[in-house]
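The structure under discussion appears below in the form of structure tokens.
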Amino acid sequence: MSNTTQLLRFITAGSVDDGKSTLIGRLLHDSKSIFEDQLSAITKTSERRGGMGAVDLSLLTDGLQAEREQGITIDVAYRYFATPKRKFIIGDTPGHEQYTRNMVTAASTANLAIILIDARKGVLTQTRRHTFITSLVGVPHIVLAVNKMDMVDYSEETFDAICAEYRAFAAQLGLHEMTCIPMSALNGDMVVERGENLNWYQGSPLLELLENVVIDHDINTTDFRYPVQWVCRPQTQEYHDFRGYMGRIESGDIAAGDEITILPSGRTTKVKEIVTFDGNLQRACAPQSVTLTLTDEIDISRGDMFVKSAAMPQVSKEFEAMLCWLSESPLDLSRKYIIKHTTRVVKCLFARLEYRVDVNTLEQHSSATLNMNDIARVAMKVQQPLVFDSYITNRFTGSFIVIDEATNNTVAAGMIIIG
């Protein structure tokens with residue numbers, strides 16, 4: 001897939017006043033991705049707030065009135081922009097610990113995370129927390145943006161020291177692939193243009209990196225996983241005997257004639273046709289939505305999963321997972337909840353809480369319940385078997401949400417652990 005057709009989802013995360021919103025505003029402004037009326041509106045707001053003639057670019061993303069009044073980010077602000085090379089969706093995530101669930105939600109679909117650090121302050125507790133969450137949800141690419149370099153006289157020594165400390169911490173989480181960039185979002189150095197103050201840095205500006213980072217392998221291209229969403233039986237005169245299985249290929253690829261296994265039943269058959277609105281295909285791959293017909297008539301329903309027989313997932317009623325509790329109501333271990341995993345919905349029980357993670361220190365603590373924003377390792381039991389992979393190998397079949405059956409609210413997001 002070429003970069004011209006690719007969409008890159010990325011998030012920004014950092015401590016309060018590290019300049020997340022200003023960085024995104026600079027990206028949008030310098031890449032000419034904002035309209036004249038938007039620029040005029042934030043210019044007037046900046047003047048009202050005593051901006052001394054400078055436009056406050058953070059106003060492009062801090063959209064809530066409470067955010068503008070307090071000068072902080074509360075909700076995840078999504079922004080879209082594009083360059084000739086690539087399309088982008090940005091998630092500006094909150095820095096506060098009380099909004100951990102917001103960051104988890106945004107990071108779960110991101111290809112890349114930009115972790116901001118104030119060059120004057122270095123690596124902080126919040127930096128470690130944001131990096132832990134980024135590693136927890138499996139964001140494939142990390143950029144460490146050492147911002148406000150203008151406040152430390154663009155010191156190369158300061159930048160090198162911060163990068164060394166951060167890399168040492170990240171290695172403890174198994175994160176080794178990352179790029180460190182010095183920048184000044186306020187002045188625009190090393191964001192879209194190189195500027196004139198960081199000539200000692202030999203790497204690319206941030207936007208150039210975002211345009212060229214390779215994300216082709218962010219989706220699991222090896223293991224074919226196809227959760228059935230709908231059994232299509234038109235029963236019209238033209239398609240009287242048609243029976244197709246509709247869904248989206250979550251990973252891997254499939255070709256007409258390939259042998260597949262239907263899980264959880266374990267029955268095997270072959271793909272007869274790959275049907276789309278625009279005509280049949282010989283081969284399809286993730287993330288295409290298609291309809292598959294089979295050579296044999298098998299009892300198949302929504303929630304079943306097609307896989308290739310040579311690459312089998314786990315099938316079980318019990319598993320362990322890392323869980324982020326999203327609800328204001330605490331976890332009640334004595335009651336049943338509902339799990340939605342791919343296209344299957346089943347009732348579940350929490351067998352036990354292994355431990356709760358202190359997101360600031362990464363220490364593990366015993367706990368009798370979970371409150372909003374808590375992250376914990378849990379053991380779960382479900383009423384019917386689920387077909388899953390480890391989250392680390394497949395973000396789609398390794399993730400799930402927990403639903404309160406009384407209110408129908410989503411109360412937690414989980415990432416399955418195998419081994």
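The values are calculated or read from the model by the stated rules, or taken from the named source; none is laboratory data. None of these values were measured; they are calculated from a predicted model. All Cβ positions, glycine included, derive from the backbone under ideal geometry; neighbour counts span all protein chains shown. Quick note on the areas: whole protein, heavy atoms, side chains included, nothing else; ligands and nucleic acids left out. Shrake-Rupley method; radii C 1.70, N 1.55, O 1.52, S 1.80 Å.
Here are a few things to note about the model shown:
- Scanning the range 280-299 for residues that are modelled with pLDDT of 95 or more, among the β-branched types (Val, Ile, Thr) and open to solvent by less than 70 Å² (accessible area, probe 1.4 Å) yields Val290, Thr291, Thr293.
- Of the residues making up the range 227-265, those that are surrounded by fewer than 15 Cβ atoms within 10 Å (Cβ to Cβ) and free of Cβ contacts under 8 Å to residues at least 40 places away in the same chain are Arg233, Pro234, Gln235, Thr236, Gln237, Glu238, Tyr239, His240, Asp241, Ala255, Gly257, Ser265.
- The range 131-165 - residue that is in contact with a Pro (Cβ under 7 Å, 6 or more places away or on another chain) and assigned to a helix (DSSP H, G or I) and, of those, surrounded by the most Cβ atoms within 10 Å (Cβ to Cβ): Met149
- Test: Phe277 is surrounded by fewer than 16 Cβ atoms within 10 Å (Cβ to Cβ), part of a loop (DSSP other than H, G, I, E, B), within 30 Å of the chain's Cα centre (by Cα) and of a type in the set (A, V, I, L, M, F, W, C): yes
- Within the range 167-184, residues that are open to solvent by 30 Å² or more (accessible area, probe 1.4 Å) sit with their Cβ atoms under 8 Å from residues that are part of a helix (DSSP H, G or I) and modelled with pLDDT of 95 or more, at 6+ positions apart or across chains, in these pairs: Thr179/Leu209.
- The numbered conditions (1) touching a residue at least 40 places away in the same chain (Cβ under 8 Å); (2) part of a helix (DSSP H, G or I); (3) more than 22 Å from Arg120 (Cα to Cα); (4) open to solvent by 20 Å² or more (accessible area, probe 1.4 Å) are all true for Thr222 except (2).
- Among the residues of this structure, Ile416 does not count as one that is surrounded by fewer than 22 Cβ atoms within 10 Å (Cβ to Cβ), under 17 Å from the mean Cα position of the chain (by Cα) and part of a strand (DSSP E or B).
- First in the range 11-40 and under 12 Å from Phe81 (Cβ atoms), second anywhere and outside any helix (DSSP H, G or I) and at pLDDT below 70, Cβ under 7 Å, 6 or more apart: Ile24/Thr61; Gly25/Thr61; Leu28/Ile34
- Residues of the range 152-183 satisfying the condition of being touching a helix residue (DSSP H, G or I) at 6+ places or on another chain (Cβ under 9 Å) and either modelled with pLDDT of 95 or more or on the phi > 0 side of the Ramachandran plot (or both): Val152, Ser155, Thr158, Phe159, Tyr166, Gly174, Thr179, Cys180, Ile181, Pro182, Met183
- Scanning the range 194-214 for residues that are open to solvent by 20 Å² or more (accessible area, probe 1.4 Å), of a type in the set (A, V, I, L, M) and part of a loop (DSSP other than H, G, I, E, B) gives Val213, Val214.
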